[in-house]
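Q: Mind having a look at this structure? Questions to follow.
The values are calculated or read from the model by the stated rules, or taken from the named source; none is laboratory data. Note that the structure is a prediction, hence the values are computed from the model and not measured. Cβ placement follows ideal geometry from the backbone for every residue including glycine, while neighbour counts extend to all protein chains displayed. These area figures cover heavy atoms from the full protein model, side chains too; ligands, DNA and RNA do not enter into them. Shrake-Rupley method; radii C 1.70, N 1.55, O 1.52, S 1.80 Å.
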Amino acid sequence: MTSHRSPHAYFPYIDGLRAIAVLAVVVYHLHAAWLPGGFAGVDVFFVISGFVVSASVGLRERSSLATFWVYFLSRRLQRIAPALIVCLLATTLAATLLVPEAWLSEQNARTGRFAFFGFSNLVLARNLNSYFSPITEFNPYTHTWSLGVEEQFYLAFPFLFWAWSFAGRWRRVTLGLFVALGVASFAYAWSIRASDALGAFYLLAPRFWELAVGVVLYQAMSLAGRRFDTADAGAVAWPRLALACVGFCLVGYGLWTSSPDRFPVPGALWAVVGSALLLGALHGQPQTAWPVRLLTRAPMRLIGGMSYSLYLWHWPVFVLFRWTVGLDGALEQGSAVVLSFVLAWLSWRWVEQPIRRSPALRRMPRPALVACGLLALYIGLTAHRLIDHKQPHWSLSTVTHHADDWYPTSTEASTAPPCGVPAPRVESMGVGKRITYTRTACDRPVSGPKVFVAGDSHAMAFGRMFEGYVADTGATVTLYNNAGCAFLSLQPTREGSDKCRSSTTRVTDDLLARVQPGDVVFLPSLRMPRFVDQWIRYPRDAAVAQALEADDVARRSGAFDDAVRITARFAAKGAHVVFEAPNLLLNAPLYRCADPWTRTNPICAGGPGVDRAEFETLRHPMLDAVTSVAKAVPGTTVFDPFPVLCPPGPRCEGFQQGRPLFFDGDHVSAYGNRLLLPAFEEAVRNALAQKGS
């Protein structure tokens, strides 16, 4: 290692350690089974960051806190912001062009917006899905959570580290401060890991200890007389070389064995302690020491040098592959890795390096540099909002271009012409929502009963059908979104959680307080196990077995008796109850297979259609259960969408005349809603006639 004297010398072995960390993360994100604990590479980065940023300012002379803070922040902005802005904007543009809006992508744009200023981890911590959820793999900005942790740490770091520049006893005070805060952070992470697993994983407070380990290591080494202003090396220190070997083993053990249920404590300990041992033990070792020789080879230094750009780019590339052609085959995986490295090298060579080494920026006053950095981030955020806003016009997807056929939820304005239906009124019920569809004033008389609807997202998917009913009859439709839970689905597994039971009770009570004699209560829900969801294909044998025993399970579990009891309460109020029969289920999520660049995706394998006779056999047990509930409560009827959505023929297809019947694999599309409207209005009339007889 050649001599290099500066306030903060360059130590090449750190780049080698960065290379190990980023490669572990890339491998894990490509295929988790290849390196089950590879996500712990982020924890290696945290330790390195704490160590490196301390070394970058540890030899500065004493200055005012404001000067110190601005100097530190300017360096961090110059290092982080340029590549981040370019990557985020490129990702936004690609997602806008290729990914249609859907439930699976609804958090993406918001996560991206918060990522510009380092707060995407706050969005992710308040989501319902963990870092390890397969749903998270479809958000191209998920990986920015770790940048959020680091950037928030960088805001606090100068205030905690400033006294170090005072020298003397103040250095021990600063060391003690970081030790105390690190211990408190570790204890906090331990205390909330069960009650708030998302917060423990994503937020700074429970992650602070990992960065603090790097800071404390630098401080302890400095107090022990280790040099950081030179990269000169002496003879091999064999005891420290042995510690480095232990460090390698601990990091390797962490990258192989770390598991989500033990993160960040105690699971991150192996990677954190191992990284600290490597950083401390290799400092000052000569090139002849084998760990130094390994970590300073040209490929390791190159990958480590561009590790930030590689971390930025690999994740959105992988996510966009999942959205389009898929990321399961060797060809797709190889292509995604190559593209990630190419983009990372371009970012490192033409964005990171020129801006970090720019003579003009070095001459610029530090406050001006901070102002320029913040302005650049704001401009990037504004451009992101503009691109996202243009999605309906710029998207290449047929789903977006034919939104009136695909999206079952209305996007109409809050006002509408006479006899029109404006956007529904939405009221929170604490858990779940009450949504009311009404017709604007007109001279046409009301020609149908009020309809009350309770159910899960499949009830929401009939939104366009409800609008059509309101426009035709003038009657009000009140829809209870049961907090994402099924309502009297006769499937105990869909309604058994405390949240679902509480929401069902709340919806039942509110509905009973509002329903009047002659009103209709419509109860749609998903009543059969899915073959496929928007992001995953389920084992077909398990779905078939569950469907064939649906009637027996409903009766043995008490779900049948509960449905009869609650239905009887509605009937006792004079309401006409209409159950939805089990509806058609497809083999593929239609919107994800509608474009030329998505049809080879594994999620679309075999096409969306199903064999009609086979599906009728599968739905027969649940249809029997629903029909039995209707027979048990006089006046209750059944609305069956299946004959409309699957006309006579050998197969049930997802499209009719080139237009989608479903949005995904089981939620009816806007076009499907329009086809079902006449049948639904007839079902309401039949319910009134049945009650009257």
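Q: Taking Thr288 and the conditions (1) part of a helix (DSSP H, G or I); (2) open to solvent by 50 Å² or more (accessible area, probe 1.4 Å); (3) not basic (Lys, Arg), which numbered condition does it fall short on, given that it satisfies the others?
A: Against the list (1) part of a helix (DSSP H, G or I); (2) open to solvent by 50 Å² or more (accessible area, probe 1.4 Å); (3) not basic (Lys, Arg), Thr288 comes up short only on (1).
Q: Further question on the same structure: Would you tally the residues in segment 297-323 being crowded, with 20+ Cβ neighbours inside 10 Å and assigned to a loop (DSSP other than H, G, I, E, B)?
A: Count: 1.
Q: With a cut-off of at least 1 residues that are open to solvent by 10 Å² or more (accessible area, probe 1.4 Å) and among the charged types (D, E, K, R), name the helices (runs of 4 or more DSSP H) lying wholly within segment 34-135.
A: Qualifying helices (runs of 4 or more DSSP H): 65-98, 108-115.
Q: Just checking, how many residues over segment 667-685 are open to solvent by less than 10 Å² (accessible area, probe 1.4 Å) and either within 26 Å of Arg599 (Cα to Cα) or over 38 Å from the mean Cα position of the chain (by Cα) (or both)?
A: The number of residues fulfilling the criteria is 6.
Q: In addition: Run down Pro418, Pro367, Pro408, Pro392 and say which single residue is in contact (Cβ under 8 Å) with a residue 60 or more places away in the chain and open to solvent by 60 Å² or more (accessible area, probe 1.4 Å).
A: Being in contact (Cβ under 8 Å) with a residue 60 or more places away in the chain and open to solvent by 60 Å² or more (accessible area, probe 1.4 Å) holds for just one of Pro418, Pro367, Pro408, Pro392, which is Pro367.
Q: Can you say whether Asp551 is modelled with pLDDT under 95 and out of contact with any helix residue (DSSP H, G or I) (no Cβ under 7 Å at 6 or more places or on another chain), as far as the supplied structure shows?
A: no
Q: Have a look at Phe452, Phe487 and point out the one that is aromatic (Phe, Trp, Tyr) and touching a residue at least 40 places away in the same chain (Cβ under 8 Å).
A: Phe452
Q: Could you list all residues from segment 636-648 that are crowded, with 20+ Cβ neighbours inside 10 Å and over 30 Å from Arg565 (Cα atoms)?
A: Leu645, Cys646
Q: Is it true that Ser185 is part of a helix (DSSP H, G or I) and touching a helix residue (DSSP H, G or I) at 6+ places or on another chain (Cβ under 7 Å)?
A: It is true that Ser185 is part of a helix (DSSP H, G or I) and touching a helix residue (DSSP H, G or I) at 6+ places or on another chain (Cβ under 7 Å).
Yes/no per residue for (1) within 28 Å of the chain's Cα centre (by Cα); (2) of a type in the set (Gly, Ala, Ser); (3) under 21 Å from Gly50 (Cα atoms); (4) open to solvent by less than 40 Å² (accessible area, probe 1.4 Å):
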{"position": "Ala200", "(1), (2), (3), (4)": "yes, yes, yes, yes"}
{"position": "Pro206", "(1), (2), (3), (4)": "yes, no, yes, yes"}
{"position": "Leu211", "(1), (2), (3), (4)": "yes, no, yes, yes"}
{"position": "Ser222", "(1), (2), (3), (4)": "no, yes, yes, yes"}
{"position": "Arg226", "(1), (2), (3), (4)": "no, no, yes, no"}
{"position": "Cys245", "(1), (2), (3), (4)": "no, no, no, no"}
{"position": "Val251", "(1), (2), (3), (4)": "yes, no, yes, yes"}
{"position": "Ser258", "(1), (2), (3), (4)": "yes, yes, no, yes"}
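Q: Looking at segment 84-133 only, could you name the residues that are of a type in the set (Val, Ile, Thr) and under 11 Å from the mean Cα position of the chain (by Cα)?
A: Thr111, Val123
Q: Still on this structure: State all residues of segment 649-665 that are open to solvent by 10 Å² or more (accessible area, probe 1.4 Å), in contact (Cβ under 8 Å) with a residue 60 or more places away in the chain and not in a strand (DSSP E or B); if no residue qualifies, say none.
A: Phe663
Q: Still on this structure, please answer the following. Could you list, in sequence order, the residues of segment 584-606 that are closer than 18 Å to Ala543 by Cβ, part of a loop (DSSP other than H, G, I, E, B) and in contact (Cβ under 8 Å) with a residue 40 or more places away in the chain?
A: Leu584, Leu585, Leu586, Asn587, Ala588, Pro589, Ala605
Q: In addition: Being of a type in the set (A, V, I, L, M, F, W, C), assigned to a loop (DSSP other than H, G, I, E, B), open to solvent by 30 Å² or more (accessible area, probe 1.4 Å) and touching a residue at least 24 places away in the same chain (Cβ under 8 Å): is that true of Ala235 here?
A: yes
Q: Please find, among Leu688, Leu618, the residue that is open to solvent by less than 20 Å² (accessible area, probe 1.4 Å) and of a type in the set (A, V, I, L, M).
A: One residue alone meets the criteria, Leu618.
Q: Looking only at segment 421-432, count every residue that is hydrophobic (A, V, I, L, M, F, W, C), more than 10 Å from Asn481 (Cα to Cα) and open to solvent by less than 30 Å² (accessible area, probe 1.4 Å) and tell me the total.
A: Residues in segment 421-432 being hydrophobic (A, V, I, L, M, F, W, C), more than 10 Å from Asn481 (Cα to Cα) and open to solvent by less than 30 Å² (accessible area, probe 1.4 Å): 1 in total.
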